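One structure is given below, encoded as structure tokens.
Nothing in this text is a laboratory measurement; each read-out follows from the coordinates by a stated rule. As the structure is a computational prediction, the values presented were derived from the model and not from experiment. Cβ atoms come from the backbone with ideal geometry, glycine included; neighbour counts cover every protein chain shown.
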């Protein structure tokens, strides 16, 4: 059975603490999660083999793009052969294998084939990479990619465009032999595999060719033998951060962290142990494990960024019991879709939302439009995956966003600027220490050491408050803090109430230079289509909703869009600040 191999009990770093489970520790902002359930010591290759033996004919995934309904036995068969094929073209333990294509079965086969080789996976999404050669080069170089798998044409490429995205990125493949690429700007990259049905006429393998190379019995035997030599503590997957504090960092994650964290969060939210669940967005690289831990079938949309209508159609057609993870923006769109009432969503009983800020107004609306479904909010990050979760009815009104109680086998403390633990109810930066922590930032020891304390705490950069019940509430990022007249002002303290204005679609608050008060507050506003407003109207609204004087914006700017970080995951506040300064004619003080 899955998960029966080596077991790891609670970590040594928990020893010496007087905290039990998730009860408060005296009056200080320190918590330790329960350790009743054991953490499992198993590689993804072993997990696949065990699960395929347990449920060979059970559907693990449904891919709407291809119409494929993939069983655990299907995954095992294709995965082992693909692993042998990758080995045939020179892929070895520790090599980085990246792929860039949409939701289709090959995504799953690659994930586990890389695991079976002891190689390192880098799943990329076009929504983050875009069609930028510069961005793609940055990701591939930072990760040290050796093998890249992608479609011949981008999913967003116009049909009448003759030059493929692949050839735009790598013109060298027109003259190179497969497996013999030499690209000066990406020296580690030697092989490209194309998702194509026939020969490409370029220096790239096709997926069909690699699978055929994997039919070699001696290679298959080597792959099987290799399984007992691999460790779940080795780096298995690379994940790029959002880039909110600069260029995206490349975090190294282990099978141990991914597998056990998926089990823990799945248990908390009650992922179904049979039936279907929809998992539509970019955190698919984490969710892929749910069928193997919970037993459910994941339904994967045709689009990597499905519309609300596409999700509603899938939820009804597949009678999904759960949906997650929804980001706040997408969750808002789904719950407010004018066609929501046209669909039968009676099977849906679980919704997981993440993104660190979930307003109570959205939770209340969800309860009205999805009365049969229980909504959960979660807090996590690339470097530590999920840390807290709570049912949505526990989300409180007021400043900040409730993100829940600490999950099992983790420690959390909130500290001041000197690294000292703050009392309960006081603001502090969230530190985490857990089995799910990343191994470090790839190729960047300096940034890794800055992010970690000497005794193993990861500094999340998030500002929050822990209450007496052990519930964490977040206010924003340390780096986003605005210093106004010696007061610290969190952007979310202003953004949350301003977003309730009936004309406002989105709002972001930044600090701009001000010689009298260090920084002045500037609210950058995107209005809903067809709406108009001015600073006077917004100032009046702020007064009506009770913003205190220190939080009252000195400037309002109206924009059509916000600049995004390189990965397209978050608003780039640094660039937004510069845009605001330019529009206002402000400069940094010398």
Report the gain in length on full extension from residue 319 to residue 137: 0.36 nm times residue separation, minus Cα-Cα distance, nm rounded to one decimal. 61.4 nm
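Using packing as a proxy for protection, rank 62-70, 435-443, 374-382 so that the peptide with the highest average count of other Cβ atoms within 10 Å comes first.
On the way: 62-70: 16.9, 435-443: 21.2, 374-382: 23.4.
Ranked from most to least packed, the peptides come out as 374-382, 435-443, 62-70.
Could you calculate the FRET efficiency of residue 349 with residue 175 from 1/(1 + (r/R0)^6), where r is the beta carbon distance between them and R0 is 56 Å, rounded to 0.05?
Values: r = 56 Å, r/R0 = 1.00.
Step by step, r from the Cβ atoms, then E = 0.50.
If you take the square roots of the eigenvalues of the alpha-carbon gyration tensor of segment 470-511 and sort them as a ≥ b ≥ c, do you get rounded (a/c under 1.5), prolate (a/b over b/c) or oblate? Write out the running numbers ahead of the final one.
Values: a/c = 2.37, a/b = 1.27, b/c = 1.87.
Oblate shape, in that a/c is at least 1.5 and b/c is the bigger or equal ratio.
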Quick calc: nm separation of the 7 Å Cα→Cβ label points for residue 228 and residue 467 -> 5.4
For 50, 467, what ranking results if the residue with the fewest other Cβ atoms within 10 Å of its Cβ goes first? 467, 50
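Counting other beta carbons within 10 Å of each Cβ, put 401, 389 in order, fewest first. Please report the intermediate quantities before stating the final value.
Numbers: 401 24, 389 21.
Fewest-to-most ranking of 401, 389: 389, 401.
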In terms of the ratio Rg/(2.2 N^0.38 Å) built on C-alpha atoms, what value belongs to segment 44-231? 1.02
Work out how much length residue 558 to residue 38 would gain on full extension: take 0.36 nm times their residue separation and subtract the Cα-Cα distance, in nm to one decimal. 182.0 nm
Counting DSSP beta bridges with both partners in segment 489-584, what percentage is antiparallel, nearest 5? 75
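To check you understand DSSP bridge types, tell me what percent of the beta bridges within the chain (both residues inside) are antiparallel, rounded to 5.
About 60 percent, rounded to the nearest 5.
Among 361-367, 172-178, 532-538, 137-143, what's the highest-first ranking by average C-beta atoms within 10 angstrom per residue? List each step's numbers first, then the result.
On the way: 361-367: 17.0, 172-178: 15.0, 532-538: 13.0, 137-143: 19.1.
Top of the packing list down: 137-143, 361-367, 172-178, 532-538.
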Counting only DSSP beta bridges with both residues in segment 44-231, tell me the antiparallel percent, nearest 5. 20
In nm, to one decimal, how far is the residue 439 label point from the residue 391 one, both placed 7 Å along Cα→Cβ? 3.9
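Can you tell me how segment 205-352 classifies by the Cα gyration tensor, rounded, prolate or oblate, using a/c under 1.5 as the rounded cut?
Details: a/c = 1.87, a/b = 1.63, b/c = 1.15.
Verdict is prolate for segment 205-352.
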Theoretical gain in end-to-end length, residue 449 to residue 367 [0.36 nm per residue, Cα-Cα removed]: 25.1 nm
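Sort segment 489-584 into rounded, prolate or oblate with this rule: let a ≥ b ≥ c be the square roots of the eigenvalues of the Cα gyration tensor; rounded if a/c is under 1.5, and if a/c is not under 1.5, prolate when a/b is larger than b/c, oblate otherwise. Could you put the intermediate results ahead of the total?
On the way: a/c = 1.57, a/b = 1.08, b/c = 1.46.
Oblate, because a/c is 1.5 or more while a/b does not exceed b/c.
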Folded to 0 to 90 degrees: helix 133-143 orientation relative to the chain principal axis, Cα: 80
Test of understanding: ordering 571, 509 by Cβ neighbours within 10 Å, fewest first, what list do you get? 571, 509
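Tell me the mean residue ellipticity at 222 nm calculated for the chain from its helices only (DSSP H runs of n ≥ 4, each -39500 (n - 2.57), averaged over every residue, nearest 500).
Details: 18 runs with 166 residues, N = 590.
Value at 222 nm, helices only: -8000 deg cm²/dmol.
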